[in-house]
1. For the range 340-359, which residues satisfy the criterion of being free of Cβ contacts under 8 Å to residues at least 24 places away in the same chain and within 15 Å of R305 (Cβ to Cβ)?
2. I need a count of the residues in the range 167-179 that are crowded, with 23+ Cβ neighbours inside 10 Å and out of contact with any Gly (no Cβ under 7 Å at 6 or more places or on another chain).
3. Regarding A341, is this residue among the small types (G, A, S) and under 23 Å from D298 (Cα atoms)?
4. Has the range 368-386 got any residue that is assigned to a helix (DSSP H, G or I) and surrounded by 17 or more Cβ atoms within 10 Å (Cβ to Cβ)?
5. Across the range 130-139, what is the total count of residues that are more than 17 Å from N73 (Cβ to Cβ) and touching a residue at least 12 places away in the same chain (Cβ under 8 Å)?
6. Mind listing just one residue for me: the one in the range 322-346 that is modelled with pLDDT of 95 or more and among the aliphatic types (A, V, I, L, M) and, of those, surrounded by the most Cβ atoms within 10 Å (Cβ to Cβ)?
7. Would you point out which residue out of G218, G202, G208 is within 30 Å of K137 (Cα to Cα), out of contact with any helix residue (DSSP H, G or I) (no Cβ under 6 Å at 6 or more places or on another chain) and not charged (D, E, K, R)?
Amino acid sequence: MQLLPMSFRPSALILVAALAVSACTGAGQPAASGAPSAQGQPVAGGTVTIPIGADPTLNPWSPNAFVESLFINRVIFEGLTKPGKDLAPAPDLATSWTIAPDGLSWTFKLRDGVKWTDGKPFSADDVAFTFNDIVLKKELGAQNAASYAAVKSVTVVDPTTVRFDLSRKFAALASFLAYNSGIVPKHVLSADPLKTTSFNKGTPVSTGPFKVEKYTSGQSVSLVRNDSYFGPKPYLDKVVFTVVPDPNTQIAQALSGDLTIMILDNKAAVDRVKNASGLTVVSRPLVQYYWLALNQTDSRFTDVRVRQAFVHAIDRKAIIKSVELGYGQVANSPITPALKAYFDPSLSEKYPYDPPKAKELLASAGWTPGANGVLQKDGKSFQFTMDVGQRGVLEPVNALIQQDLKNVGVIADLNTMEWNAYIQKDVVRRDYTATVNWWTYPSDPDVFPYYHSSAAGKGFNIPGYQDPKLDDLLVQGQSASDLEQRKAVYKQLQAYTSETLPYLFLWYPQEIDVLSSSLQGVPELGLRDAVQYIGEWWLAKK
C-alpha cells in the first residue's frame, strides 16, 4: 500500500518497490507575509476557521476522543505514516519501512532531527512508549487499540529505528498507522498517558505543523504555526477550530464568511450553498457507512431473523433520498464503494424494502401481533429505546427508522442526547439498547477492529457481536499477502456479514465539503484526510 519496500496499496494495487520518498509534502517555503501572489502562487498569512461539534480531547488515544477531536488531533499529532494523496500510506514521522520475509515484523526508519513543541527531541523511545505503554496495555482501554491486536510489541532498534513484532501477518499495518495513530511524548505522559488534563484539554506537546495556542472550553481551540516543525513552514498563520454543535448554524456561519471549510452534514442546504457567492461545494466518495447497532446482550436481537427483519423494514432508499438528497447508496456490508478493488456490488439489492417480509421473519422468530398491533413474545411487547446523538443527520434518520419499525409492529422510543453525553453512554460505557451512528476507517478493507470478538464490549465492536467464523475471515484478511488473496477473503467477508448482520448496514454516504473560494491548496481528499496536508493550505488575497 505504499511506494516503499514490501508495502501494500489498499485501494487498488499492491506495489512492491523501493523508491525514495520524501515525507515533506509542503509546497516549499511560503512567500513573505502580505506579499502579492502571482496567479495560483501560494502566499503566507491568514486564519482558517473550521467547525467542530463539541469540545475535543487533544489526545488521539483517549477513549473520549471521537469525531469532534479527530480533525485537530490529525493536525497536531504526526503518525509514523499518513494517508497519501492517493490514499495509500505515505511517510510522516517514518521515512521508510520494510517487512521481514515471514511478514511477522516491520521495521520503520524514523525521521532524524524532529522536535516536540517544547523543544525536546523526538526519538524511537516515543514510538515505543505510545504503543507498548498505551495502545497495547489493555487495562487502559486506549482509543483505536483494537486496530493493533496483531502487534505483540514495539522494539527500539536505535534512536531512529523501531521494529513492530507481530503475532500474525498484518498487511494493513501501514494504513492503520496512518489513521488516528499519532505519536505522543513519553517525557510528558509517562505518568498518566490518557488522563492528563493539562494535555487533553489544554496545550499538548506535539510534532505537527501547528501547535495549540489556546483551548477555550465550549468555544474554540486555536492553533498557531509550529516554528520547530520538521517540514516546510505552513502558509497559514493560524487555524481555529470553533465549537458549533448545530449544523444549521454552521451553514449560516459559512454563508456569512465566519467559517472557511466544513463538511455539510445537512444536505438539504446543498443548493442554497451552491448558489452562494464566495463558496465552493465539492462531493467526495468516502470510506464510511452508517449503521444501526443492536446490543447483543439483549436476547431479542441475538436472533438473526430479527436483525434481517429490521433491515427489510427500514426504507433505506427513502432515507438516502430525503436525508442525503441522493448523495449515497444502500449499504449491505462494511466494505464501501470507495474501495473499488474490493467492493462487491452484487449485494446491493440483498435486502429490498419489504415490510411483509419483515413481518414474516419476525413471526418466524416468535413475535406475533398483540391487541394493539404491537408485536409480542412471551407476554412482552417488542419495545425498546434508541439513543440518538445530536449530530448531523442522526435525528431525522432515527425518526424515519422509528416510523418504519412501528409499521411492522415494533416500538422504538427515541432518547435524544447531547453529543458528548451520548458518546459517554453508548460508546464508552455501552449502556444502550439500540443506536444509529457511522464508521469511517482507513482506506483498506481490514475491518478487524470493528467486528472481531476480541473487541466486543470494548474497542469499536459496538454491538458486542461474536462469531468464530467471522473472526477467522478477519484474521485471514489481515494475513493475506497479495491483492487476489485479499480480494477473495473480503468478498467472503462481505457475503457473510450481509447475511449475519453484526451491524445493520444502512447506507454509504458521500461527503459534501464547503470551502471558501479564497482557500487554496486543499488536496482532493475528504476533509478528514485533507487536514493532514494543512501546511499546504493558503488563502488567496482579495
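1. Correct list: P356 only.
2. Of the residues in the range 167-179, the ones crowded, with 23+ Cβ neighbours inside 10 Å are 170-179.
Within this subset, residues satisfying the condition of being out of contact with any Gly (no Cβ under 7 Å at 6 or more places or on another chain) are 170-176, 179.
Count: 8.
3. Details: among the small types (G, A, S): yes; under 23 Å from D298 (Cα atoms): no.
No: the conditions fail for A341.
4. Of the residues in the range 368-386, the ones assigned to a helix (DSSP H, G or I) are none.
There is no residue in the range 368-386 that is assigned to a helix (DSSP H, G or I) and surrounded by 17 or more Cβ atoms within 10 Å (Cβ to Cβ).
5. Initially, the range 130-139 is screened for residues more than 17 Å from N73 (Cβ to Cβ), giving 132-133, 136-139.
When the remaining residues are screened for being touching a residue at least 12 places away in the same chain (Cβ under 8 Å), the result is 132-133, 136.
Count: 3.
6. A331
7. Details: G218 fails: within 30 Å of K137 (Cα to Cα); G208 fails: out of contact with any helix residue (DSSP H, G or I) (no Cβ under 6 Å at 6 or more places or on another chain).
After applying the criteria, what remains is G202.
This table checks each residue for (1) part of a helix (DSSP H, G or I); (2) β-branched (V, I, T); (3) over 25 Å from the mean Cα position of the chain (by Cα).
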residue	(1), (2), (3)
Y215	no, no, no
K233	no, no, yes
P245	no, no, no
N248	yes, no, no
R272	yes, no, yes
V281	no, yes, no
Q296	no, no, no
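The values are calculated or read from the model by the stated rules, or taken from the named source; none is laboratory data. Remember, predicted model here, so these are calculated numbers, not experimental data. When we count neighbours, we look across all protein chains shown, and the Cβ atoms used for this are built from the backbone with ideal geometry, even at glycine.
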